[in-house]
Ligand code: NI
């Protein structure tokens, strides 16, 4: 297990559509998944896409059940009930909501985006088996956020130009 380096804006890998995972039941894939989970808990965050650790593959880990993720520091005893989404695709979305989002690739800033409260997602597990999941609430938003990452999009791409500039300005200020 290893904590990987999280890439931040303006790294170009964040803007590229990731490649589909084609090698399943694969030791390298399983290693990457467990390293990504460890990186997510360490950050701490509730979701992480492979391109956020510089690897252009359609793979994300999510754990929205991790209580108070922003206050707890990762420990050896932190629960690890994360979900793995390989080659995910949002099939349906409904119930428009507004959600205050942050992202590990744009640390220290947030923005209010328009999302959907329910989504149906198709994805594969590490053995290559296909699944369909109906999710709602924070898991639904996390799935939209992570599938966006895998398509080369960030949450700020959902903001109007004024709000987007404001978030980017605040972000640049924290980077100085
Ligand atoms: Ni993100």
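Once you keep just the Cα pairs under 8 angstrom separated by 6 or more residues, what percentage relative contact order results for the chain? Mind showing how you got there, number by number?
Numbers: 329 pairs, mean separation 41.1, N = 176.
This gives 23 percent for the chain.
Neighbouring Cβ atoms within 10 Å as the yardstick, rank 158, 149 fewest first. Before the final figure, lay out the partial values.
Numbers: 158 19, 149 24.
If I rank by nearby Cβ atoms, fewest first, I get 158, 149.
When 41, 171 are sorted by how many other C-beta atoms sit within 10 angstrom of their C-beta, beginning with the fewest, the order is 171, 41. Relative to the globular-protein estimate of 2.2 N^0.38 Å, the Cα radius of gyration of the chain stands at 0.99. With a Förster radius of 25 Å applied to the C-beta separation of residue 162 and residue 8, the computed FRET efficiency comes to 0.65. Enter the Cα centre distance for the pair segment 141-176 and segment 1-59, rounded to the nearest angstrom. After rounding, the separation between the Cα centres reads 18 Å. Judged by the gyration tensor of its Cα atoms, with axes a ≥ b ≥ c, segment 95-151 is oblate; a/c meets the 1.5 cut and b/c is at least as large as a/b.
Shown is the FRET efficiency for residue 132 and residue 176, computed with R0 = 45 Å from the Cβ-Cβ distance and rounded to the nearest 0.05: 0.50. With each label modelled as a point 7 angstrom along the Cα→C-beta vector, the residue 27-residue 108 pair spans 4.1 nm.
The numbers here are math on the coordinates, done by the rules we state, and not lab data. Remember, predicted model here, so these are calculated numbers, not experimental data. Glycine also receives a Cβ, built like all others from the backbone with ideal geometry; neighbour counts cover every protein chain displayed.
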